[in-house]
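What follows is calculated from the coordinates using simple rules that are stated; it is not laboratory data. What you see is a predicted model; the values in this text were computed from it and never measured. Here Cβ is always computed from backbone atoms with ideal geometry, including for glycine, and neighbour counts include all displayed protein chains.
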Amino acid sequence: MDDAELFKAWAEGDQSAGESLYRRYFDPLYRFFRAKAPEDYEDLIQNTMLECVRSRERFRGDAPFRAYLFGVARHRLLHHLRRKGMSRLDFESSQTSVADVDPRPSSVMARKAEHRLLLEAMRRVPVDLQIAMELHYWEDMSTAELAEVLEIPQGTVKSRLRRGREALQSELDKLTKDPAQRDAAVGGVETWAKEIRALVGGK
C-alpha cells in the first residue's frame, strides 16, 4: 500500500496501517527532530503521528503524504521551540535559531572537523532556513513538497534555500578563522548531505 492508502486505513481505525506508516517514516522524523530537539525527539515523533490523524481532514491528497507529515512535524517543532524559549526570547522562526533557544553545542557526534562545523552552523541559522535546507538536502524534497511543508509559494522556495546557504556561510565564518577548515566546510555544503544525514541518524 502507498502512503495515502495506509494513512486512510489508519484514520479509519486500522492500527497495523498506522504501525506501517510509523516504521516507514521513523528515520526521516528522527533526523528532523534529533538535530533540533535532541532531548525531546521521541515525544515529538509520537505527537506528530497522532496529530496527523487528529488533523486528517487537512490531508487532501493533492500533495504527497510526506509533505503533509512534515508540515505537521514543522508545526510541532515550532510549538516546542516557542514554549522552550518562552522565558528568554520572543520566538520568531524566520529570525530565531535552535541555538538561540538552546545555546548548548550540537550533541551529534562527528569525527571530521568540517562536519562538526556544519552541524553547529546549521543550529545557528534561523529555524525556517534550517528546516528548508535539511528537508532539501537530507530528504531530497522537491520545491513543490517544500512549498507545502513551509506554507509558502513554490516560487519562494528557491530564494529561501539561497538565503539558507548564505546564512550558513555567515555562521561558518563566525565559527572558525582557520581558512583551510572554513573552506573545507563551505566547499562541502553541496555534498555534505549523505555524510551528515548518517551522523544525525537513520537510513
Given labels modelled 7 Å from the Cα in the Cβ direction, how far is it in nm from Lys158 to Arg54? 3.8
Interchain or sequence-distant (5+) residues whose placed amide H lies within less than 5 Å of the amide H of Ser97 are Val127
Along Cα→Cβ, 7 Å out, is where each label goes; now give me the distance between the ones at Met1 and Lys174 in nm to one decimal. 4.7
Report, ordered by chain and residue number, the aspartates and glutamates lying within cross-link reach of Lys36, taken as a straight Cα distance under 13 Å and ignoring same-chain residues fewer than 8 apart. Asp100, Asp102, Glu120, Asp128, Glu134
How do the peptides 57-65, 158-166, 33-41 rank, highest first, by the average count of neighbouring beta carbon atoms within 10 Å per residue? 33-41, 158-166, 57-65
May I ask you to order 172-179, 128-135 by the average number of other C-beta atoms within 10 Å around their residues, highest value first? 128-135, 172-179
In nm, to one decimal, how far is the modelled label at Asp27 from the one at Ala63, with both set 7 Å along Cα→Cβ? 2.4
How much length is gained on full extension from Arg165 to Ser16, taking 0.36 nm per residue of separation minus their Cα-Cα distance? 49.6 nm
Lys and Arg at +1, Asp and Glu at -1: neighbours of Ala17 with Cβ under 15 Å from its Cβ sum to -2
